[in-house]
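Asks: Before I ask anything, here is the structure I am working with.
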């Protein structure tokens with residue numbers, strides 16, 4: 001279980017349950033998804049396609065993301081892209097062996113920092129981070145490496161869309177404020193261990209949807 005009980009003040013959690021994700025879905029007219037992420041261990045190494053590739057192969061838009069750090073433990077890190085250029089074959093071998101973790105550009109993060117993750121950027125989030133993620137509304141994620149966890153990898157397409165050179169993801173802005181105003185829906189919590197949805201009372205949020213997830217990326 002990769003979530004954290006330390007979700008306040010961003011999400012009220014008096015029972016101190018381990019929560020990994022909280023979703024705020026915008027309306028169809030604003031195809032964005034805002035998430036709060038709370039990590040206690042490393043999440044998978046992954047990449048997302050751009051719109052052209054997404055529509056061609058997945059019948060979906062692609063995905064760029066923005067991460068704004070809300071809280072970070074002293075040694076908390078994220079990875080945004082590669083440290084050095086690699087060939088596609090080198091990257092494939094590294095994903096199969098796990099060496100891709102050492103190829104990533106890991107940076108120690110602090111509260112208030114903002115990072116932009118364009119489509120095609122290989123990325124990962126370490127433990128000890130609380131962040132706000134604003135992303136294009138797309139479910140397409142290609143998992144490249146998952147630290148031995150028994151989940152499906154997506155190497156063929158993930159390698160096709162990956163940017164093979166370093167890039168600077170740190171945004172110049174000191175902070176980001178995202179306000180979405182639309183009709184509120186009933187929020188829900190997804191409990192993967194029981195495969196059911198448990199209704200929760202509405203929060204005072206001017207957002208179209210709220211979901212709490214405990215399963216990892």
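Asks: Kindly establish whether residue 168 is closer than 27 Å to residue 28 by Cα, part of a loop (DSSP other than H, G, I, E, B) and at pLDDT 50 or above.
Replies: Answer is no for this residue.
Asks: Check 15, 90 and return the single one that is more than 21 Å from residue 113 (Cβ to Cβ), assigned to a helix (DSSP H, G or I), without any contact (Cβ under 8 Å) to a residue 40 or more places away in the chain and over 19 Å from the mean Cα position of the chain (by Cα).
Replies: Going through 15, 90 in turn, the sole match is 90.
Asks: May I ask you to list the residues in the range 104-125 that are crowded, with 19+ Cβ neighbours inside 10 Å and assigned to a loop (DSSP other than H, G, I, E, B)?
Replies: 109, 113, 119, 120, 121, 122
Asks: Sort out which residues of the range 136-152 are modelled with pLDDT under 95 and under 27 Å from residue 27 (Cβ atoms), and write them in order of number.
Replies: Scanning the range 136-152 gives 136, 137, 138, 139.
The values are calculated or read from the model by the stated rules, or taken from the named source; none is laboratory data. All values reported here derive from a predicted model rather than from experimental measurement. Cβ sites come from the backbone with ideal geometry, for glycine too, and all protein chains shown count toward neighbours.
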